[in-house]
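Nothing in this text is a laboratory measurement; each read-out follows from the coordinates by a stated rule. Remember, it's a predicted structure, so these values are computed and weren't measured experimentally. Cβ: placed from backbone, ideal geometry, glycine included. Neighbour counts: every protein chain shown.
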Amino acid sequence: MSDRTRLDDIEQSLARRLAEYSIDLSVRRWTSEQTAIVDVRRQGFETTYRMAWLPRATLSELARIDQQDHMHRLLVTGPRVTGRTADALVAADIDYIDYAGNIHLNFGPVLVDIRGRSGPATASSPLAAEANLFSGRRMQVLFVLLTWSNMAEMPVRRIAEAAGTSVGITQSTLEIMKEADYLIGRSLHRRDELIDLWAAAFRGALLPKIRNLSFRGNIDRWSAPAGCLVSGESSVEMIRQPQTLTIYAENFDLAEAVRNRWQKSDDPNIEVRQKFWKAPDWAPPSDEHSQFVRSAAPPLLVYADLLASKEPRQSEVAKSLRKDHLV
């Protein structure tokens, strides 16, 4: 099959699927074998996307696509977009369509959100699943590399100790990063892009694995004891009178909850999560910037927690941290 025939087949497959929802898609031009500028129309409303076609629609594969075009929003397409990838894409304000009919389009007054449809599977294998750069354990490795830039120069065992992961997982993560040009030699590259993808994947991939305890109680006069770090809205000075508290601790002392009269709850305003990383001895404290409170968690984690809250005020603060290059 020629490249032109393959690209025509992709366009026709997407057009047939979108026709079910009275949506028209037309390709202006293909800019590479995997990317194109496309127009999408529904009921008189139209927008232009930069479409990325991925045989395996994962954040890892998306990271391999050139992200330099900032004129158009990204539209991810492919045979199959899994539920977890869909959640991460929507969190990153990226729309998607797959051949099964799962779709999220949000432009102007148009909102189409259909999930859970089965259809053509992606090209998958145990190796493909293993190569997911944004699985929970690999995200821990990415976290320490993004938080402490010199960490990429350290031996693999030192990186593994800081990330709380095995040497094997750490080594394979570094290899995937090299293949995607995130690591060149011992230097971290395309850091901003990787931060955005990490934060988008955090809520679905890493957060469920590190949740520990949930409480409801008064947080007005609480201050972090030794061994506890604060994240989310309680960790940034620009939010006055925060309503929620996020704590990271290696071993949280339940006596702390008793002293503060916190009650276990399914509707919590206080969450205790596992502190999975170990900061290197030379690392500066996160609260060296006046925007963070004392005992704040690393800025990347604060940023991801703010975004994961889905609360508009916290999202705005997260954007401000990025704009000010504090993450």
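Here are a few things to note about the model shown:
- Per residue of the chain, the DSSP helices (runs of n ≥ 4 H) give a summed -39500 (n - 2.57) that works out to -10000 deg cm²/dmol at 222 nm.
- In this structure, the amide hydrogen of D95, modeled 1.01 Å from its nitrogen in the peptide plane, lies closer than 5 angstrom to those of L74, V76, counting only residues at least 5 positions away or on a different chain.
- Taking every alpha-carbon pair under 8 Å whose residues sit at least 6 apart, the chain reaches a relative contact order of 12 percent.
- Cα gyration tensor category, rounded, prolate or oblate, for region 210-323 with a/c compared to 1.5: oblate
- Mean separation of Cα contacts under 8 Å, 6 or more apart, over the residue count of region 126-205: relative contact order %: 33
- Backbone N atoms of region 183-199 closer than 20 Å to the 7 Å Cα→Cβ label point of D93 belong to residues 191-199.
- On Cα atoms only, tilt of 136-147 relative to the major axis of the chain in degrees: 70
- Acute angle (nearest 10 degrees) that the helix 299-308 long axis makes with the longest principal axis of the chain, alpha-carbon atoms: 60
- Highest GNM mean-square fluctuation among Y248, Y49, Y21, for the chain modelled with Cα contacts below 10 Å: Y21.
- Residues E11, E46 arranged by fewest to most Cβ contacts within 10 Å: E46, E11
- Shape of the chain, Cα gyration tensor, a/c cut at 1.5: prolate
- Based on Cα contacts under 8 Å between residues 6+ apart, region 3-114 shows a relative contact order of 18 percent.
- Candidates A19, A304, A279, ranked by Gaussian network fluctuation over the chain, Cα under 10 Å, top entry: A19
- Helix 167-179 vs. the chain, principal-axis angle (Cα, 0 to 90°, nearest 10): 40
- Cα-based shape type of region 3-114, given that a ≥ b ≥ c are square roots of the gyration tensor eigenvalues and the cut on a/c is 1.5: rounded
- The chain: most fluctuating residue of V293, V144, V76 per GNM, C-alpha cutoff 10 Å: V293
- Only beta bridges with both residues in the chain are counted; by DSSP, about 70 percent of them are antiparallel.
- Which of F107, F215 has the fewest Cβ neighbours within 10 Å, and the rest in rising order: F107, F215
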